[in-house]
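Report on the structure given below.
The values are calculated or read from the model by the stated rules, or taken from the named source; none is laboratory data. Note that the coordinates shown come from a computational prediction; the quantities given were computed from them, not determined experimentally. No Cβ is skipped: glycine too gets one built from the backbone with ideal geometry, and neighbour counts run over all protein chains shown. Areas reflect the complete protein model, heavy atoms only, side chains present, ligands, DNA and RNA absent. Shrake-Rupley method; radii C 1.70, N 1.55, O 1.52, S 1.80 Å.
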Amino acid sequence: MTEKMGSLGNFFLYKCLFALTFWNHISLSVENELFRSVSNYFPEDGSDKKVKSLPLLYTNNHQSKANFDWVVIQNTTESLSLSEITNDNVKKLIALLSNFRQGSRLQNLTLTNMSVDWDSLIKIFQTVWHSSIEYFNVNSVTQLSDIKGHYFDYSGTSMKALTIKKILITDLYFMQDDVYKIFADMNIAALTIAESEMIHMLCPSSVSPFRYLNFSKNDLTDLLFQKCDKLIKLETLILQKNKFESLSKVSFMTSRMNLLKYLDMSNNLLSHDAPDVQCQWSESLTELDLSSNQLTDFVFECLPVNIKKLDLQNNQITSGPKGMAELKSLKELNLASNRLADLPGCGGFTSLEFLNIEMNLILTPSADFFQSCPRVRELQARNNPFKCSCELQDFIRLERQSGGKLFGWPLAYVCEYPEDLRGMQLKDFHLSELACNTTLLLVTALLLTLVLVAVVAFLCIYLDVPWYVRMTWQWTQTKRRAWHNHPEEQERALQFHAFISYSELDSLWVKNELIPNLEKGEGCVQLCQHERNFVPGKSIVENIINCIDKSYKSIFVLSPNFVQSEWCHYELYFAHHKLFSENSNSLILILLEPIPPYIIPARYHKLKALMAKRTYLEWPKERSKHALFWANLRAAISINLPMADGNRCGEMD
């Protein structure tokens with residue numbers, strides 16, 4: 001008989017090992033009926049292997065075996081998962097759990113979808129507390145009602161961690177301390193109460209063994225654990241997705257947690273906009289998560305001094321720390337998804353090794369970053385609106401020289417500005433050295449300016465530009481004075497057929513040949529000569545301008561002597577000015593003697609141009625050709641003028 005029972009037990013154990021490939025944990029639905037016998041799952045051979053997970057299924061078949069070998073279960077099972085717990089089957093659940101005394105193999109218990117009152121929940125907790133269970137998970141508790149004070153015996157427990165998620169309290173009026181006190185005084189290492197709309201938690205009444213607390217996704221506020229000195233063993237505190245608002249109050253909350261290393265305050269409403277408000281953090285805190293809050297630049301004035309890893313992602317920070325207390329231990333800093341316009345320097349944290357500034361507003365990161373942060377091993381700067389410019393090119397060059405510290409290079413680094421370069425990878429962006437080197441550009445511009453000034457100065461001297469400017473000014477001033485002093489004279493008709501301009505060295509030819517043949521010959525030609533027609537008291541320039549203005553033509557007697565005369569140059573300039581200002585054909589050139597081009601001064605470029613473009617009359621040496629010369633000259637100046645008093649044809653002064 002004993003041999004048969006041994007074979008049957010081995011067979012059941014073999015079946016359980018086979019069932020383990022289909023279930024990762026025990027699943028048991030507890031109701032007011034009997035449990036199915038699990039004798040089928042024990043091996044029939046002589047195997048001594050233990051079962052870590054056993055599926056226990058409820059059945060309504062009343063013919064199933066009701067006898068259950070609890071000793072076998074507690075010796076072969078480590079995890080148990082039960083669901084659909086109600087007030088109707090709580091007693092059977094407690095009876096089941098009571099068999100797992102301390103020393104049994106059951107260590108993990110999960111209860112899901114519970115709909116019980118407060119009294120039943122406390123009884124379940126109390127039973128678990130004095131069992132072999134070390135890790136207790138409760139998921140989704142509804143209809144939690146009739147809350148009142150309970151005595152809870154924490155002594156002699158094997159419990160290490162309790163996790164509660166999604167508790168719904170239906171009582172409208174109850175003493176909150178009756179709920180919080182039960183959990184606050186638990187003598188376990190880890191407690192999680194999440195997604196339960198919890199608004200507060202009491203400070204433990206004595207020194208707590210808590211090393212891990214997770215109150216995420218609740219409605220906790222700044223009042224939590226203020227002035228609480230009982231959490232001196234706490235190492236990890238997770239308070240993400242609550243309603244904390246003051247960073248300074250959070251710091252004071254941790255000030256008495258002597259062993260706290262990790263604090264998660266992400267996804268709250270934290271701010272710190274008053275730089276004069278003091279902060280007091282736990283000196284043991286080395287990792288702090290402040291992501292997804294409302295923190296600004298002032299956050300750097302309220303940070304733990306011994307922090308090693310800091311997460312400030314998704315806040316409202318616009319610039320790096322300035323004038324802050326040094327964070328000499330900081331190695332990892334996450335500033336992604338803020339409003340940074342440039343890379344923060346490492347003046348305040350000289351040990352920084354990892355920096356994340358992704359998704360900010362950085363156009364041109366500072367090229368001196370790698371010099372100020374020599375210990376940085378990895379820089380994450382993806383998804384910033386980079387402006388492809390000289391500054392950015394300098395940053396890329398220095399980054400390459402530093403050994404390629406940019407994470408995600410080059411695919412995630414593209415130009416955003418200017419628009420014509422949008423989408424271009426930064427590795428393909430290049431500008432010339434001249435365009436980016438300010439010193440070289442300034443020197444080049446200065447040299448070009450000096451060359452340009454030198455060229456202009458040379459041309460001004462070579463072409464006598466100052467002389468022309470001075471002449472233009474004198475002509476303008478003379479015309480203006482003439483208009484204001486004698487406006488009636490501006491409307492008078494022409495008085496002379498021609499104004500004669502010649503060198504004094506050529507005066508004999510002018511007086512003996514030109515004037516007699518024009519004024520005393522056929523026709524009535526009136527000539528304006530400076531010796532007889534210049535008005536005493538007026539300047540020479542003014543007289544020249546007046547004579548040219550009152551003459552229909554201007555005759556220039558050209559010779560080597562002419563080009564050497566300053567006054568001849570004046571007269572030619574003013575006559576040429578009239579030629580263009582009045583759009584008239586008033587110049588007559590007489591070449592008295594050939595003029596070699598090399599003796600014409602550079603400033604006489606107008607004379608060169610006139611001789612090259614205009615037809616001139618050449619004085620013939622043969623006397624037989626003189627008659628034709630005078631006939632052509634008369635024809636050139638032929639015009640009918642009204643006779644002016646005291647200035648008759650043929651009269652010589």
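Taking amide H positions as modeled 1.01 Å from N, with prolines and chain starts lacking one, the residues under 5 Å from residue 552 and 5 or more places away or on another chain are 496, 497, 498.
By the Cα gyration tensor, segment 253-341 has an equivalent ellipsoid whose semi-axes, rounded to whole angstrom, run 19, 14, 13 from largest to smallest. Restricting attention to segment 277-391, lysine pairs at least eight places apart or on different chains and with alpha-carbon atoms under 28 angstrom apart total 8.
Packing order of peptides 98-106, 358-366, highest average first: 358-366, 98-106 (average count of other Cβ atoms within 10 Å over each peptide's residues).
For residue 274 and residue 161, the FRET efficiency from 1/(1 + (r/R0)^6), where r spans their Cβ atoms and R0 equals 45 Å, is about 0.70. Rolling a 1.4 Å probe over the protein heavy atoms of segment 301-431, with every protein chain left in place, gives an accessible area that is 47 percent carbon and sulfur. The residues neighbouring residue 317, those whose beta-carbon lies less than 11 Å from its own, together hold a net charge of 0 under the Lys/Arg +1, Asp/Glu -1 convention. Per-residue Karplus couplings for segment 382-388, computed as 6.51 cos²θ - 1.76 cosθ + 1.60 with θ equal to phi - 60°, are listed in order as 5, 6, 10, x, 5, 9, 6 Hz, Gly and Pro entered as x.
Once the C-beta distance of residue 326 and residue 371 is scaled by a Förster radius of 30 Å, the resulting FRET efficiency is 0.95 to the nearest 0.05. Close amide-amide hydrogen proximity is noted between residue 558 and 590, 591, 592, each under 5 Å apart and 5 or more residues distant or on a separate chain (H modeled in the peptide plane; Pro and chain starts excluded).
Taking amide H positions as modeled 1.01 Å from N, with prolines and chain starts lacking one, the residues under 5 Å from residue 340 and 5 or more places away or on another chain are 361. Residue pairs exceeding 22 angstrom between C-alpha atoms, taken from 123/233; 227/261; 166/233; 92/123; 538/608; 181/227: 123/233; 166/233; 538/608.
Protection proxy ranking of 291-301, 535-545, 509-519, by the mean of other Cβ atoms within 10 Å over each peptide's residues and highest first, is 291-301, 509-519, 535-545. Across segment 175-184, rounded Karplus estimates of 3J(HN,Hα) from the backbone phi angles (6.51 cos²θ - 1.76 cosθ + 1.60, θ = phi - 60°) give 7, 4, 4, 4, 7, 5, 5, 4, 7, 5 Hz, Gly and Pro being marked x.
For segment 69-196, the Kirkwood hydrodynamic radius comes to 14.9 Å, computed from all pairs of different C-alpha atoms. Computed from backbone phi, the HN-Hα couplings of segment 333-345 come to 9, 10, 10, 5, 6, 10, 10, 5, 9, 7, 6, x, x Hz, rounded to whole numbers (Karplus: 6.51 cos²θ - 1.76 cosθ + 1.60, θ = phi - 60°; Gly and Pro given as x). Our estimate of slack between residue 172 and residue 105, defined as 0.36 nm per intervening residue step minus the Cα-Cα distance, is 20.0 nm. For the pair residue 422 and residue 437, label points projected 7 Å from Cα toward Cβ lie 3.4 nm apart. Give the carbon-plus-sulfur fraction of the accessible surface of segment 69-196 in %, rounded to a whole number; probe 1.4 Å, heavy atoms of protein chains only. Carbon-and-sulfur percentage of accessible area, whole number: 48. Label-to-label distance for residue 538 and residue 243 is 10.1 nm, based on points extended 7 Å past Cα in the beta-carbon direction.
May I ask you to derive the FRET efficiency for residue 145 and residue 185 from their Cβ-Cβ distance with R0 = 25 Å, giving the value to the nearest 0.05? E between residue 145 and residue 185, to the nearest 0.05, is 0.65.
Summarising the label geometry, the points placed 7 Å from Cα in the beta-carbon direction at residue 95 and residue 453 lie 11.0 nm from one another.
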